[in-house]
Amino acid sequence: MKQVDQELFEMAIKRSSEKDAVKRQKLRSPVEALMDYACNFEKANFVVRVNVIKVGYDKERDVKFAQALIEETALQGIKLMREGDDMEFEWPLTCTQPELTVGKTYYIIAKKGTSFTENYGMTRVRYQLTGTALVIDPEFKPLLRIMMNNFVKELRKNNGCIN
């Protein structure tokens with residue numbers, strides 16, 4: 001299975017290397033593809049850039065998890081997401097992706113999380129990085145960083161999704 005980082009990179013290379021201007025114009029840009037994805041609310045309803053502060057494994061539930069701080073909210077979800085807010089993510093051990101690293105920044109395009117109450121009464125939200133969730137490493141290639149910046153600019157220009 002190909003990582004979304006690689007797919008977006010290949011899409012950009014294919015479009016930029018097309019010599020025929022008419023054909024190139026017909027090829028979908030990675031930013032258009034990301035806009036379509038992020039604004040399809042059956043697949044996603046928020047876009048954030050986060051910095052991972054903790055990664056671990058919950059053996060009781062057999063899931064990997066990560067804790068991250070929001071650096072930027074490009075598309076606001078159902079729950080208010082602000083810079084500096086803490087987010088929790090989890091995914092099954094059987095999933096090969098994502099491979100999150102402490103200290104790295106990622107863009108997360110995903111659906112609303114699941115609320116749960118801790119034993120001590122605090123309610124938290126956990127977001128699943130499975131199914132339709134996308135995790136994008138902007139440092140995968142310099143071109144991907146530019147692409148993600150353009151994607152965020154497009155979201156801001158449209159004040160979110162056009163539809």
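The values are calculated or read from the model by the stated rules, or taken from the named source; none is laboratory data. Fair warning: this is a prediction, and the values are worked out from it, not measured in the lab. Every residue, glycine as well, gets a Cβ built from its backbone with ideal geometry; the counts of neighbours run over all protein chains shown.
Brief remarks follow.
- Qualifying residue in segment 111-118 (condition: among the basic types (Lys, Arg), closer than 22 Å to residue 56 by Cα and at pLDDT below 90): yes
- Residues within segment 146-163 that are assigned to a helix (DSSP H, G or I) and not charged (D, E, K, R), tallied: 8
- Members of segment 63-87 that are under 18 Å from residue 51 (Cβ atoms) and over 13 Å from the mean Cα position of the chain (by Cα): 64, 65, 66, 67, 69, 81, 82, 83, 84, 85, 86
- Selected residue [in contact with a Lys or Arg (Cβ under 8 Å, 6 or more places away or on another chain) and either of a type in the set (A, V, I, L, M) or in contact (Cβ under 8 Å) with a residue 60 or more places away in the chain (or both)] from 42, 72, 18: 72
- Residues that are part of a loop (DSSP other than H, G, I, E, B) and either of a type in the set (Gly, Ala, Ser) or buried (at least 19 other Cβ atoms within 10 Å of the Cβ) (or both), drawn from segment 40-59: 44, 45
- Restricting attention to segment 13-26, the residues that are assigned to a loop (DSSP other than H, G, I, E, B) and surrounded by fewer than 14 Cβ atoms within 10 Å (Cβ to Cβ) total 2.
- Search result, residues across segment 1-54 that are among the small types (Gly, Ala, Ser) and more than 17 Å from the chain's Cα centre (by Cα): 12, 16, 17, 21, 29
- Scanning segment 21-39 for residues that are out of contact with any Lys or Arg (no Cβ under 7 Å at 6 or more places or on another chain) and of a type in the set (Lys, Arg) gives 23, 26, 28.
- Members of segment 28-38 found to be outside any helix (DSSP H, G or I) and buried (at least 16 other Cβ atoms within 10 Å of the Cβ), listed by number: 29
- Identification of strands (runs of 3 or more DSSP E) wholly contained in segment 70-140 with 2 or more residues that are small (Gly, Ala, Ser) and surrounded by fewer than 15 Cβ atoms within 10 Å (Cβ to Cβ) yields no element.
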